[in-house]
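Enquirer: First the structure, which I've put down as structure tokens, then a few questions once you've had a look.
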Amino acid sequence: MKQTRKKRRWGDRKDGRLLRTLDPLSKMSPFIMPNRNGANNLFSDSVEVTEMEHYINRKRKEGLNGFGVMHVIISAYVRTVAQRPGINRFLAGQRVYQRGDLVEVCLAIKKTMAIDAPETVVKIAFAPTDGPEQVHEKIAKVVEESKQAPLESDFDKTAATLAKMPRILMKLAMWFLKLLDYFGRLPASLLAVSPFHGSIFITSMGSLGIPPVYHHLYDFGNIPVFMSFGAKRKTVELRKDGSPFERKYIDLTFNTDERICDGFYYASSIKLFKSLLKNPFKLDTPVDQVVQDID
């Protein structure tokens, strides 16, 4: 399915399209709340995973090796963006932009499961029309590349260069980068590797066996949503006849920038996202229409 791309206009950025028809309050909010962590909202939810486990097992039988909870979550979020493009907006230079044709997901990857093992961050770009198979393929490609060059990701190289600077020069360098970012003048090559510019940052606490954290947003960059999910937990519930039975849940936490859309829109988006997690078989139906954001 082809997407309708809007022509780039004056005021747009390399990574987004300026929204020009926002209501006055939405245009004012970046000035009332200039910092991302001063405009964040925290909330949590849980998802019952019976259908998700069935779905994961089926995908593995179909040949998607290693398919798991992370793949379902990313697939569901990409599908949600296709129907609720407002959550793919971001703030930059105290203006609101729509990221447009890509859903850029940032993930922290531990080189090995050891306390002293190095960590890197990868960014994977998905189309709003991507389904679970495309999500699995793109993640597998990034993981394989990370294994082949475990200490040499583009982000690692950029961070290593900055880390060699004296403190005062690093502070000046970061000030200059923020200035360029404010006016939308960061080089495309830096935007491509920056884990601070994207649609969402997702972290899994499940692999560590702990509940999800409430993670802060980054003041540098433009990521508007940070989501964390924990390990599966079991709970005993009662049927209508009073007999007990066991269910499994996954807990989710969200940190969202409230300036990109209103609470009703966020709530509608999270409900859609949660419905896809509860019944991920819906993800096998291709997207018939990608909803376009406002002008």
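Enquirer: With a 1.4 Å probe and every protein chain kept in, tell me what percent of the accessible surface of the stretch 33-104 is carbon plus sulfur.
Expert: Here it works out to 44 percent.
Enquirer: Using the heavy atoms of the protein chains alone and a 1.4 angstrom probe, what is the accessible area of the chain per residue in square angstrom? Could the numbers behind the result be given before it?
Expert: Working: 15990 Å² over 295 residues.
Computed with neighbouring chains in place, this is 54 Å² per residue.
Enquirer: While we're looking at this one, here's another question. Ranked highest first by average number of other Cβ atoms within 10 Å, how do 272-280, 206-214 line up?
Expert: Packing order, densest peptide first, comes out as 272-280, 206-214.
Enquirer: Also: Give the long-range amide H neighbours of GLU104: residues separated by 5 or more places, or on another chain, with amide H under 5 Å away, using H modelled in the peptide plane at 1.01 Å from N.
Expert: Counting only residues 5 or more places away or on other chains, the set is PHE126, SER199, ILE200.
Enquirer: Right, something else. Calculate one ³J(HN,Hα) per residue across the stretch 220-230 by plugging θ = phi - 60° into the Karplus curve 6.51 cos²θ - 1.76 cosθ + 1.60, and present them in order as whole Hz with x for glycine and proline.
Expert: Each residue's phi maps through the Karplus curve to give 8, x, 8, 5, x, 9, 10, 10, 10, 9, x Hz.
Enquirer: How large is ³J(HN,Hα), in whole Hz, for each residue of the stretch 31-43 in order, when computed from phi with the Karplus curve 6.51 cos²θ - 1.76 cosθ + 1.60 and θ = phi - 60°, using x for Gly and Pro?
Expert: With the stated coefficients, the stretch 31-43 comes to 8, 6, 10, x, 9, 4, 7, x, 10, 9, 10, 10, 7 Hz.
Enquirer: Which peptide among 33-44, 192-203 comes first, and what is the full order, when sorted by highest mean count of other Cβ atoms within 10 Å?
Expert: So the order, starting with the most tightly packed, is 192-203, 33-44.
Enquirer: While we're looking at this one, here's another question. Heavy atoms only, probe 1.4 angstrom, no DNA, RNA or ligands counted: give me TRP10, TRP175 ranked by accessible area, highest first.
Expert: Correct descending sequence by accessible area is TRP10, TRP175.
Enquirer: Quick one: what are the phi-derived ³J(HN,Hα) couplings along the stretch 280-295, Karplus 6.51/-1.76/1.60 with θ = phi - 60°, whole Hz, x for glycine and proline?
Expert: x, 4, 4, 5, 6, 7, x, 5, 8, 7, 8, 6, 8, 6, 5, 6
Enquirer: Between the stretch 32-105 and the stretch 153-203, what's the alpha-carbon centroid distance in Å?
Expert: 23
Enquirer: Is the shape of the stretch 179-267 best called rounded, prolate or oblate, per the rule: a/c under 1.5 gives rounded, else a/b larger than b/c gives prolate, else oblate, with a ≥ b ≥ c the square roots of the Cα gyration tensor eigenvalues?
Expert: Prolate is the answer for the stretch 179-267, as a/c is 1.5 or above and a/b outweighs b/c.
Enquirer: Which far-off residues, 5 or more places away or on another chain, put their amide H under 5 Å from the one on ARG13, with H placed in the peptide plane?
Expert: LEU18
Enquirer: Please report the carbon-and-sulfur percent of the accessible area for the stretch 195-260; probe 1.4 Å, protein heavy atoms only, DNA, RNA and ligands left out.
Expert: The computed percentage sits at 54.
The values are calculated or read from the model by the stated rules, or taken from the named source; none is laboratory data. The model shown is predicted, which means the values in this text are computed figures rather than measured ones. Please note: Cβ atoms are built from the backbone with ideal geometry, for glycine as well, and neighbour counts cover all protein chains shown. The protein model used for the area step is the full one, side chains on, heavy atoms only, and it has no ligands, DNA or RNA in it. Shrake-Rupley method; radii C 1.70, N 1.55, O 1.52, S 1.80 Å.
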